1. How many residues does the stretch 200-211 contain that are touching a strand residue (DSSP E or B) at 6+ places or on another chain (Cβ under 6 Å) and under 30 Å from residue 147 (Cβ atoms)?
2. I need the full set of residues from the stretch 65-87 which are free of Cβ contacts under 8 Å to residues at least 12 places away in the same chain and within 14 Å of residue 3 (Cβ to Cβ), in order please.
3. Which fully enclosed helices (runs of 4 or more DSSP H) of the stretch 96-158 have 3 or more residues being among the β-branched types (Val, Ile, Thr)?
4. For the stretch 172-210, what are the residues that are within 16 Å of ligand 1 (Cβ to nearest atom) and surrounded by 21 or more Cβ atoms within 10 Å (Cβ to Cβ)?
5. Only one of (1) farther than 24 Å from residue 104 by Cβ; (2) part of a loop (DSSP other than H, G, I, E, B); (3) open to solvent by less than 10 Å² (accessible area, probe 1.4 Å) is not met by residue 226, so which one is it?
6. With (1) open to solvent by less than 30 Å² (accessible area, probe 1.4 Å); (2) among the hydrophobic types (A, V, I, L, M, F, W, C); (3) away from ligand 1 (no atom under 16 Å from the Cβ) as the list, and residue 166 as the residue in question, which single condition is left unmet?
7. Looking at (1) away from ligand 1 (no atom under 16 Å from the Cβ); (2) open to solvent by less than 10 Å² (accessible area, probe 1.4 Å), which is the one condition that is false for residue 155?
8. So, in the stretch 162-182, of the ones that are free of Cβ contacts under 8 Å to residues at least 40 places away in the same chain and among the charged types (D, E, K, R), which residue ends up farthest from ligand 2 (Cβ to nearest atom)?
Amino acid sequence: DATVVVDDVTKQYAVGTTVTALDGVSLSLPRGSYTAIMGPSGSGKSTLLNLVGGLDTPSAGRVTVDGHDVSTADEAERAAIRGTEIGFVFQTFNLMPRLTAVENVALPLVFDGWSRADRRQRARELLESVGLGDRLDHVPSELSGGQRQRVAIARALAPDPALILADEPTGNVDTETGATILDIFEDLHAAGNTILLVTHERHVAEHADRIVHVQDGHIRRIEELGEDTDG
Ligand code: ADP
Ligand code: ADP
């Protein structure tokens, strides 16, 4: 039972010359799976994540998320799918600078018909779960990089998305915060969420069930990581 199916996807960018970022990539993510994408810079990792997240559309091939074809959906339809089914954790945080941590986390719920009190309550609980119960009313400039990243994760989780996409979620944070973020992903995995994350760090990728190795726009190898590591 795959929640994400990437079927023979090619993505080209035409900026002067044509760059083929992905070339005939197929991948499916079983519901509840935890997959890491690794590969050198420029190999197509972010492009793949963005296509799964409906931030962009493929040049050829098909991407479906829970049966929704995000490769042919228009921007409004893709935004609706992103808003309810997909939690996207960006490397660069993308927090609203004038809003507090609680307000940032509560924001996605505005579009989901929650009352103001319920939105704030859920935001508080999520921030507590990522260890920011004492930073609820801070704005992003008053938070460290790692704290901002955790606010961004709490915000991505607010609508309770089944699919979590993360691009280098530990890329800009210190080791301790990175470990906290990986713990959060493990809890989400244990709770049945489907996780796809991009990383260039082997030790981060090893938290996943499997590692998809990408190179020059192709999947080179899929490495299955057993729960049992001593066999
Ligand atoms: P990675 O995440 O593995 O570093 P990307 O998916 O970001 O790789 O990029 C793959 C290739 O596509 C690179 O050659 C990159 O320069 C190109 N590329 C990515 N995004 C764009 C874009 N918006 N416009 C033009 N080229 C792009
Ligand atoms: P880090 O070493 O993790 O980058 P910082 O040195 O930036 O952390 O911040 C240390 C602590 O001080 C953090 O808990 C952060 O919330 C708080 N802090 C940082 N800048 C401000 C500020 N301008 N106003 C209020 N609190 C701040």
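The values are calculated or read from the model by the stated rules, or taken from the named source; none is laboratory data. Just so it is clear, the model here is predicted, and its values are computed rather than measured. Every residue, glycine as well, gets a Cβ built from its backbone with ideal geometry; the counts of neighbours run over all protein chains shown. To get the accessible areas, we keep the full protein, side chains included, count just its heavy atoms, and leave off ligands, DNA and RNA. Shrake-Rupley method; radii C 1.70, N 1.55, O 1.52, S 1.80 Å.
1. Adding up the residues that qualify gives 4.
2. Matches in the stretch 65-87: 67, 69.
3. 101-110
4. 196, 197, 198, 199, 204, 205
5. (3)
6. (3)
7. It is condition (2) that residue 155 fails.
8. 176
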